[in-house]
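The values are calculated or read from the model by the stated rules, or taken from the named source; none is laboratory data. It should be emphasised that the depicted structure is a prediction, and the values quoted were computed from it without experimental measurement. Here the Cβ positions follow ideal geometry from the backbone for every residue, glycine too, while neighbour counts run over all protein chains shown. Just the protein is used for accessible areas: all its heavy atoms, side chains included, with ligands, DNA and RNA removed. Shrake-Rupley method; radii C 1.70, N 1.55, O 1.52, S 1.80 Å.
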Amino acid sequence: MFRLVVRMMLVAAFCMQFITVEAQKRKADLDVPSTVVYALPQTVLNVDVLVEKMIQKVGPFASFSEKYIGITPKITSDAIKWNVKSIAVSEKGEVDPHNFYKLTSVENYQPNLIQLTPEGLIHGFNMTQSETEENIVLNSVNENVEVEIEYGKFSIDPNLLLKKDTIYRVVETDTAFIKVPELKEVAFAKSIEDKAKEAAHQLFKLRKRRFKILTANFEVLPPDGKAYEVIVRGLDKLEKEYLSLFLGKEVSVMERGQFNYKPTSNDKGGVLFRISPSKGLVDVSDLKAVPVRVEFKNLDVASELPILPQDPNIVANTFIHYRIPGQAEVVILKGKDILYKEKHIIAQFGKVMTMPSQVLLHEGYRIEFYPKTGAIKSISKQK
């Protein structure tokens with residue numbers, strides 16, 4: 001029994017010694033200065049471009065248009081034209097590789113002193129909870145449209161033309177060989193003019209039928225107004241399709257592209273994207289395409305900010321760095337045509353300022369930043 005008591009006392013003494021060592025170790029860990037690294041953001045312009053692709057297709061019977069329907073076609077050759085319909089520009093904050101900073105803790109260090117975004121951008125100090133940034137995702141616009149013009153889709157007659165032709169068959173008699181005439185139907189493929197004439201005939205038949213329906217010139221008429229509307233709309237559609245065989249077709253397709261541009265601190269502008277006659281929106285590397293440029297006019301809103309003197313007794317790594325963002329007039333041009341002109345906040349066009357971090361520890365302030373620009377959003381006293 002005595003030996004058991006001694007063993008229990010030795011185990012208790014060892015545990016107390018271990019707990020004391022661990023407590024001293026944890027206290028020593030808290031006394032060691034900690035350093036965190038954060039970044040200020042640079043402004044990236046997200047440019048969303050909506051363009052119209054106009055496809056012109058010449059009709060297969062264009063050369064017979066004046067002869068059979070009396071109209072001169074305006075579309076005389078196949079062509080593709082691109083037109084910029086709209087441009088939307090938004091800002092996004094990304095890590096600026098030239099503006100990383102270290103912040104070393106001083107007395108009373110707290111692990112939750114600094115809050116960063118997932119990208120490592122400064123978000124705030126002594127904040128109760130982090131906020132999430134919304135990511136804007138734009139969907140591309142792709143439309144499948146019918147561009148080809150084929151008479152075979154609308155023809156109600158066979159493609160072969162039957163003609164009676166006289167052929168001679170040689171017959172042997174008792175005294176000689178004689179040629180006997182014989183009528184036989186021979187199938188010929190219709191010429192392009194035969195098809196044009198046939199299509200023109202169907203076109204005028206459609207117009208005549210629509211005229212009779214609208215003037216109530218049929219013995220049996222549609223039962224109600226809705227039936228009238230459906231029939232007339234169908235006849236109108238067929239007439240447009242037959243007309244396209246002679247006059248051609250023009251189809252509009254909307255396409256969307258997204259481009260990014262990262263201006264430098266002294267940026268004046270550059271090529272944003274290019275428009276190719278055959279491919280549409282392409283990257284700046286396609287030198288055969290027409291360039292669309294972006295230009296910046298720095299408004300110098302931060303140029304008059306004074307540089308405040310710093311206390312020489314404060315360690316460099318204990319300063320909090322933040323931005324006073326700049327502002328610029330952003331202009332997007334295609335040649336001399338202005339496609340877009342608006343003012344935007346550009347972080348790189350501003351200045352980087354500092355404040356001592358001791359204010360967070362001694363006064364208990366809460367500071368929140370704009371993650372897109374690195375500017376101070378609010379300073380408040382903790383309750």
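A 1.4 Å probe run over the protein chains yields, for region 172-237, 76 Å² of accessible area per residue, whole-number rounding.
If R0 is taken as 41 Å, the Cβ-Cβ distance between Thr104 and Val284 corresponds to a FRET efficiency of 0.45.
Gain on full extension, evaluated as 0.36 nm per residue between Lys351 and Ser380 minus their Cα-Cα distance, stands at 8.1 nm. Within the assembled protein chains, the solvent-accessible surface assigned to Ile275 is about 10 Å², based on a 1.4 Å probe.
The C-alpha radius of gyration of region 226-271, expressed as a fraction of 2.2 N^0.38 Å, stands at 2.52. As a rough guide to protection, the peptides 344-350, 222-228 ranked by mean Cβ packing within 10 Å, highest first, stand as 344-350, 222-228.
Ignoring solvent entirely, what values of log10 I(q)/I(0) come out of the Debye formula for region 174-245 at 0.12 Å⁻¹ when each Cα is a single scatterer? Evaluating at q = 0.12 Å⁻¹ gives log10 I(q)/I(0) of -0.53. Residues whose amide H falls under 5 Å from that of Tyr340, counting only those 5 or more places apart or on a different chain, are Ile332, with hydrogens built in the peptide plane. For Ala189 and Thr76, a Förster radius of 35 Å and the Cβ-Cβ distance give a FRET efficiency of 0.85, rounded to the nearest 0.05. Could you please report the charge total around Glu342, scoring K, R as +1 and D, E as -1 over all other residues with beta-carbon less than 14 angstrom from its beta-carbon? Computed value for this residue: -1. Atom-type composition of the exposed protein surface of region 182-312 places 55 percent of the accessible area on carbon and sulfur (1.4 angstrom probe). Note on Asp48 and Lys179: the model spin-label points, each 7 Å out from Cα along the C-beta direction, lie 7.9 nm apart.
Summing charges over neighbours of Val331, with a neighbour being any other residue whose Cβ is under 14 Å away from its Cβ, gives +2 when K and R count +1 and D and E count -1. Protection proxy ranking of 327-339, 203-215, by the mean of other Cβ atoms within 10 Å over each peptide's residues and highest first, is 327-339, 203-215. Modelled spin labels at Arg366 and Asn217, positioned 7 Å past Cα toward Cβ, are 8.2 nm from each other.
Taking a sphere under 12 Å around the Cβ of Asp286 and counting the other residues whose Cβ falls inside, with K and R at +1 and D and E at -1, yields a net charge of +2.
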